[in-house]
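The values are calculated or read from the model by the stated rules, or taken from the named source; none is laboratory data. These numbers come from a predicted model, not from an experiment. Don't worry about glycine lacking a Cβ; one is built from the backbone with ideal geometry, like all the others, and counts go over all protein chains shown.
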Amino acid sequence: NLTQRLSRVVKTIRGEARLTETNTQEMLREVRLALLEADVSLPVVRDFVAKVKEKALGEEVVGSLSPGQALVGVVHQELTALMGGDLGPEASELSLAMQPPAVILMAGLQGAGKTTTTGKLARWLSAGDHVQYGRKTGKKKVAVVSADVYRPAAIEQLKTVAVQVGVEWIASDASQKPEDIARSALDYAKRHHFDVLIVDTAGRLGIDEAMMQEIKMLHSVLNPIETLFVVDAMQGQDAVNTARAFGDALPLTGVVLTKLDGDARGGAALSVRHVTGKPLKFVGVSEKLDGLEPFHAERMAQRVLGMGDIVSLVEQAQKNIDVAEAQKLAAKMKSGDKFDLNDFRDQLAQVKKMGDMGSLLEKLPAQFAQAAGQLQSGQADKQLRRTEGILNSMTPQERAKPELLKASRKRRIATGAGVPVQEVNRMLNQFEQMQGMMKQMKKGGMAKMMRAMGG
Ligand code: GDP
Ligand code: MG
């Protein structure tokens, strides 16, 4: 991934004093390859590399400690900007400030996740989770309607989703024309004082003229304040063509990138933003109806860089665990030297509470996840229990001062946990590794961390 490539580059040019045309060229080649691997489309990569080059050779990096560090910094900064960081934090908010009902029109290919996202958004808005201009908007009265008259089960699917999230489903019928459905739903939403009406539409398997005509028609009937293009992150390169076609046909206001849980690379986010010029507003991270997150350019840049996504990890954690605990943990992680086995034990307990190991591990930097007990898929839960058993067999004092753990104590602990002594040693080694990582993080500087990861 990009991190590995960059850390290699950083190493090779560490000895050089500054960025020159030649060493920059070499580094940019690696960046280019890494982005292509991350499924970013070629024209986007070209533009991006040109921009990074311009900045890297420009005045912005003068005075930096090492050229490699400087380049990594520029790459991160530009990735963030490219994904919408340049638009500011408000770009990813929905705009609902209008005479109600605020209409949200969902557009995208079949299977992109429109119906699911309609349900997720309805849930999000009716729970009052939406933020506008830095403030929660409060609970919205939301209705949804399906204008998908082509697939037999489409209307029923939306009904099921609406019931699950507890919002009003406005009945429609496959024998109606989509624009008639839209008209009468809008009328209904007005008469019953809904704040928001979300209109789910039909997609096709590929871009097709009839579909474009239909969605344009729906747009003119509904005059939506938000027209969201829903796109599957796993589509990779194809996402670009689809985005262009929808962007040409409709005045899109934003993009929702779905199935990011299945695509660790996130490269599609770059391409789609670049092609449509529209902000990404949300990402879908699970097929469940709570699997929606507001888009963060900075985090997505880190994801593409391969650094893992600690911040959204902590957010996910907050849903299930004590907020105070999570903050304590985050603070500890920053002050690496104070992190002891007691914290490690607390952390494992939190990890257990969070459940869903798969999506959790994906977000951790690889080394960190490994150190946290070789938590590999399948083995994860079993290993977690053994590690916990070992930790529980220690006294609090031993956990606070692992250096107390000489041979006889280790034997006692192993017996208590019902594991061989080697396993106690292995766990302690992993813990030390993790402590080392945390110290690196504390000393800060992405470049340093990358060096630690690369070496
Ligand atoms: P539509 O044809 O655009 O309405 O797409 P659907 O909403 O019916 O979704 C198609 C499939 O993708 C369904 O099986 C959904 O459960 C799944 N899906 C949608 N969004 C996500 C997501 O964010 N993550 C995952 N893993 N699956 C998703
Ligand atoms: Mg659908």
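Pairs are defined by a Cβ separation below 6 Å, a sequence spacing of at least 6 or placement on different chains, a first member in the range 104-120 that is assigned to a loop (DSSP other than H, G, I, E, B), and a second member that is modelled with pLDDT of 95 or more and within 9 Å of ligand 2 (Cβ to nearest atom); the pairs so defined are G108/K114. Of the residues making up the range 1-46, just one is under 30 Å from D232 (Cα atoms), among the β-branched types (V, I, T) and at pLDDT below 65, namely T3.
Of the strands (runs of 3 or more DSSP E) entirely within the range 156-240, those holding at least 1 residues that are closer than 17 Å to G111 by Cβ and touching a residue at least 40 places away in the same chain (Cβ under 8 Å) occupy 196-200, 226-232.
Quick grid of which residues meet (1) more than 16 Å from ligand 2 (Cβ to nearest atom); (2) crowded, with 17+ Cβ neighbours inside 10 Å:
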{"site": "F194", "(1), (2)": "yes, yes"}
{"site": "I198", "(1), (2)": "no, yes"}
{"site": "G203", "(1), (2)": "no, yes"}
{"site": "I215", "(1), (2)": "no, yes"}
{"site": "N223", "(1), (2)": "yes, no"}
{"site": "V231", "(1), (2)": "no, yes"}
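Filtering the range 115-174 to residues that are within 16 Å of ligand 2 (Cβ to nearest atom) and of a type in the set (S, T, N, Q) leaves T115, T116, T117, T118, S146, Q157, T160, Q164, S172. The numbered conditions (1) under 14 Å from M83 (Cβ atoms); (2) assigned by TED's automatic domain parsing to the domain that holds Q157 are all true for R303 except (2).
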